[in-house]
Amino acid sequence: MAFSGSSSPRFRRPAPLFDSVAEAIPGEPDPSTSTDLAHDSAQALLHGVFHSSDPEVVERVLRLAAQDGLSDLAALWSSSPASTLPGALWRLYVLHTWVQHSGDDVVRRYRAGSRTVPGLRYLSGFSEPPDVMHVQRTMDDILRGAFVGDLGLALTRAGAVATILAHGTAQLADSDRDPDRTLQAERLLSTGEELAMAGRHAEAGRLD
């Protein structure tokens, strides 16, 4: 996928999202067991929350990344493909955590991107124009929906958010002549596409 015109950056297929998160992972389990552990833990977490009548359980899962710095999840889920449940949830958690920690920056990128891909604004559910509090609440709702609502829809909405942010980041990189932002745009675009794909797999009952 590329933007038209000589002044716009060209997207390439990127490396996994947020190297800084990956580099902070203290270690991974034995490869011979990590795949099974990743799938089993993701299924247990998803089903445990979905079938729980205790709202406190839901809120603990929503704050799991913030409390544990993603390290526990990363050790099991970060290497899983996006077409799997642990891989999809990992990408959703990382996007959610970034939005919660960098609200002002996210809003700036979103405002720039929503002008480029206006059709995705309605799917994301963000207000127009968005503010930091609303953006963070909406990402909470998307993450909550993955566990207690429609997983496919939640992943699709998250994919729309990441794609809008990718386009906004590319616009800002172009105007600022910032190669680091261009790389960030490529990574966000890849994440958006992966989450959208995971959403389609979930809707078809093929997200294991």
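One decimal place: the segment D40-A204 gains 57.0 nm when fully extended, by the rule 0.36 nm per residue minus the C-alpha distance. Using the Cβ-Cβ distance between H51 and D140 with R0 set to 22 Å, the FRET efficiency works out to roughly 0.60.
Using a cutoff of 8 angstrom between alpha carbon atoms and counting only pairs six or more residues apart, the relative contact order for segment 70-190 works out to 25 percent. Size check on segment 104-208: the Cα extents along the three principal axes, sorted descending, read 43, 26, 20 Å.
Across segment 166-175, coupling constants 3J(HN,Hα) worked out from phi with the 6.51/-1.76/1.60 Karplus curve, θ = phi - 60°, read 4, 5, x, 5, 5, 4, 5, 5, 5, 6 Hz, and Gly and Pro carry x.
Calculated accessible area for segment 49-202 comes out at 41 Å² per residue, all protein chains present (probe 1.4 Å; ligands, DNA, RNA ignored).
Keeping the other protein chains in place, figure out the carbon and sulfur percent of the accessible area of segment 105-208, with a 1.4 Å probe.
50 percent
For segment 79-94, putting each phi into the Karplus relation 6.51 cos²θ - 1.76 cosθ + 1.60 with θ = phi - 60° gives couplings of 8, 7, x, 5, 7, 10, 4, x, x, 5, 5, 4, 5, 5, 5, 5 Hz, in residue order, rounded to whole numbers and with x for Gly and Pro. The Cα center of segment 154-179 and the Cα center of segment 76-117 differ in position by 10 Å.
The values are calculated or read from the model by the stated rules, or taken from the named source; none is laboratory data. Because the structure is a prediction, the values reported are computed rather than measured. For neighbour counting, all protein chains shown are included, and Cβ atoms are generated from backbone atoms with ideal geometry for every residue, glycine included. With ligands, DNA and RNA removed, areas are computed over all heavy atoms of the protein, side chains included. Shrake-Rupley method; radii C 1.70, N 1.55, O 1.52, S 1.80 Å.
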